[in-house]
Amino acid sequence: MSVFEVVNPADESVVTTVEELEAEEVDAAVAKAQAAQRTWAALAPADRAGALRDFAAHVDAHVEELAALEVANAGHPIGQARWEAGNVRDVLTYYSAAPERLLGKQIPVAGGLDITFEEPMGVVGIITPWNFPMPILGWGLGPALAAGNAVLVKPAEWTPLTAMRIAELGAEAGLPAGLFQVLPGKGSVVGEALVDHPDVRKIVFTGSTETGTRVMARAAAHVKRVTLELGGKSANIVFADSDLEQAAASAPYGIFDNAGQDCCARSRILVQRSVYDRFMELFEPAVSGVAVGDPNDEGTEMGPLVSEAHREKVASYVPDDAPVAFRGTAPDGPGWWFPPTVLTPSRDDAVVREEVFGPVVAVLPFDDEADAITLANDSAYGLSGSIWTRDLSRAVRVSRAVEAGNLSVNSHSSVRYSTPFGGFKQSGIGRELGPDAPLQFTETKNVFLAIDSTESPS
Ligand code: ADP
C-alpha cells in the first residue's frame, strides 16, 4: 500500500496523506458495488428518490466543511468552493425526481403490446479531474444513482479529499453499503483497472483529450459505454455592436475563473477589428482588477494553480519572448501562483490552438461575422463559447454556426444542472446534466408481448 501527500497549492503545506489503492483492490470494490446495486435497483422508485433527497440534505448540512476542504486541497477561492459543494446538493436534489420519472414507452405494433424499460447498467465508473472535483463528481453520481446504478469514483491524484468525504456523507445518509465508493489511486493503476473491469459497464471520464482517447480505446475492448468530457479552446466573440464596456468587464471571468483551469474557459477572445483597440483599453484595468490571493479571503476571485507541475506546464506557454499585452497580479509564493496573462499572438501560435488550462488568454482581431465564425471553428475542440452582440439575429446566426456544445450570448455562463452540457469534436462524447442525463446510465430494453386476438373460451 503506497501513500501520497495531498498538498495545499496556496502555501505548499502538506494537508494530509491518502492511501492509494492497488489494481487488485478494485475487484473487491466492484463485487461489493454489484451486491449493493441489486438492493438499490430493487427499491421502490419513491424510496430511491427519498434516499437521494436524504443524501442531498446531508451534503447541504456539510457545505461549509466541504468548501473548506476544497480550499485547502485545490486552492479554490472560498466563495467558489461553497458554490461547488452546493452544486453537489443541487444536482442530487434535481435527480432525486428521476427514479419516478424514468418512463418507458408503449409503442403501437401489430399483434401485441410493445413496451420499453429503462434498466440500470449496473456498476458505473466515474473518473474525475482535479479542476472541479466536487461538481464533476456530482454530475455523474446524481443521474447514475437515480437510474439505479452503483458508482465507483476514481478521483484525481492531486484532489481526492472532497470526493472521499462525500462518499462518507452518502453512507451516513443511509445509502446501501458499497453503493457509492471512492477509490483513490493512480490513473494508470486504479483508473485503468476500472476501465478494464468487465463488470464496470460504463465509464464517465472527465479530463484531458489525450487521456480520454486512451480511456476510450481501452473501453472499446469491452464495448464499454463511455461519456467523455474533455478539453476546450473556447472563443469569446466580441462584435463591434456589443455593449463593449460590459463585454470587457466580464471577459476576465470567462477565462480567469478557477485560474483558467476550466474546460469551458474562453481562452481565445476574438474582437472585431474596428473596436479592438477600445476593447483592449477597457480590458486592461479589468484584468488588473482581478483579486488574486489567499483563497480563504472572501474577496478573492482567483487562487493558485493546482500543482507545481501544472504551473510549469502553464508557464511553458508564456516564454520570455511571448507577445504579452498585459498582466494582472499574483503573490510571489510560497504557492503555485501565476498572474492573469493576456497575449496577442498570431492565429497559428500553439497558445491559440492548444489548451493551456491556466490564466492565459489569447486576443485576436477578426474582420466580419464570417471571419469570426471561421476563426471560432478553427479548433479541434468544441466545448463552449460566448457571443457578445446587441443584434438578436446575429446572436442566433452565430450561435447556430459555432461548432460547440454550450454557448452563451452576452454571458459566460456554461453550466446549469438542468440543461445539457458537453462538447462537439474532440471536446467529448455524450452530454451530462439536464433532464435526459439518467438515460446515459440506462440500457433500453424492448419487450413484445404477443396477444392472441381471438377470445379464449371460458
Ligand atoms: P490532466 O488534466 O492532469 O492531464 P488527466 O486527463 O490525465 O489529467 O486525468 C484525469 C483523470 O484521469 C484523473 O483522475 C487521472 O488519474 C485519470 N487517469 C489518468 N490516466 C488514466 C488512464 N490511463 N486510465 C484511466 N484514468 C486515467
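The values are calculated or read from the model by the stated rules, or taken from the named source; none is laboratory data. Predicted, not measured: the structure shown is a model, and the values here were computed from it. Here the Cβ positions follow ideal geometry from the backbone for every residue, glycine too, while neighbour counts run over all protein chains shown. Ligands, DNA and RNA are excluded from the accessible area calculation, which covers all protein heavy atoms including side chains. Shrake-Rupley method; radii C 1.70, N 1.55, O 1.52, S 1.80 Å.
Numerical summary
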read-out	value
Subset of the stretch 265-310 that is touching a residue at least 40 places away in the same chain (Cβ under 8 Å) and small (Gly, Ala, Ser) - its residue that is most open to solvent (accessible area, probe 1.4 Å)	Ser288
Unmet criterion (only one of (1) open to solvent by 10 Å² or more (accessible area, probe 1.4 Å); (2) within 16 Å of the ligand (Cβ to nearest atom); (3) part of a loop (DSSP other than H, G, I, E, B)) for Gly174	(2)
Every pair of residues 6+ apart whose Cβ atoms lie under 6 Å, when the first sits in the stretch 100-116 and is under 30 Å from Leu52 (Cα atoms) while the second is part of a strand (DSSP E or B) and open to solvent by 70 Å² or more (accessible area, probe 1.4 Å)	Gly104/Phe117; Ile115/Gln106; Thr116/Thr444; Thr116/Asn446
Strands (runs of 3 or more DSSP E) wholly inside the stretch 181-252 containing at least 3 residues that are within 29 Å of Leu270 (Cα to Cα) and more than 8 Å from the ligand (Cβ to nearest atom)	235-238
Test: residue in the stretch 430-450 that is surrounded by 18 or more Cβ atoms within 10 Å (Cβ to Cβ), in a helix (DSSP H, G or I) and in the same structural domain as Ser274 (by TED's automatic domain parsing)	no
Leading residue by the ranking (farthest from Pro129 (Cα to Cα)) among those in the stretch 183-204 that are surrounded by 20 or more Cβ atoms within 10 Å (Cβ to Cβ), in contact with an Asp or Glu (Cβ under 9 Å, 6 or more places away or on another chain) and hydrophobic (A, V, I, L, M, F, W, C)	Ala193
Extreme residue, farthest from Gly185 (Cα to Cα), among residues of the stretch 1-20 that are part of a loop (DSSP other than H, G, I, E, B) and within 24 Å of the chain's Cα centre (by Cα)	Ala10
Whichever residue in the stretch 218-243 is in contact (Cβ under 8 Å) with a residue 40 or more places away in the chain and hydrophobic (A, V, I, L, M, F, W, C) and, among such residues, is surrounded by the fewest Cβ atoms within 10 Å (Cβ to Cβ)	Val226
Strands (runs of 3 or more DSSP E) lying entirely in the stretch 54-150 (those with 1 or more residues that are over 30 Å from Gly231 (Cβ atoms) and open to solvent by 50 Å² or more (accessible area, probe 1.4 Å))	106-109, 112-120
Only one of Phe421, Phe441 that is among the hydrophobic types (A, V, I, L, M, F, W, C) and farther than 25 Å from Ala380 by Cα	Phe441
The stretch 185-197 residues that are touching a residue at least 12 places away in the same chain (Cβ under 8 Å), paired with ones that are assigned to a helix (DSSP H, G or I) and near the ligand (Cβ under 8 Å from one of its atoms) (beta carbon under 6 Å, 6 or more apart)	Val195/Val215; Val195/Arg218
Matching residues in the stretch 21-34 - criterion: being open to solvent by 50 Å² or more (accessible area, probe 1.4 Å) and either modelled with pLDDT under 95 or assigned to a helix (DSSP H, G or I) (or both)	Glu24, Glu25, Asp27, Ala28, Ala31, Lys32, Gln34
Within the stretch 353-407, considering residues that are β-branched (Val, Ile, Thr), within 22 Å of the chain's Cα centre (by Cα) and open to solvent by less than 10 Å² (accessible area, probe 1.4 Å), the one farthest from the ligand (Cβ to nearest atom)	Ile387
Helices (runs of 4 or more DSSP H) lying entirely in the stretch 312-420 (those with 2 or more residues that are more than 30 Å from Trp139 (Cβ to Cβ) and free of Cβ contacts under 8 Å to residues at least 24 places away in the same chain)	369-377, 392-401
Scan of the stretch 239-277 for residues that are more than 20 Å from the chain's Cα centre (by Cα), under 16 Å from Val342 (Cα atoms) and of a type in the set (Val, Ile, Thr), ordered by number	Ile269, Val271
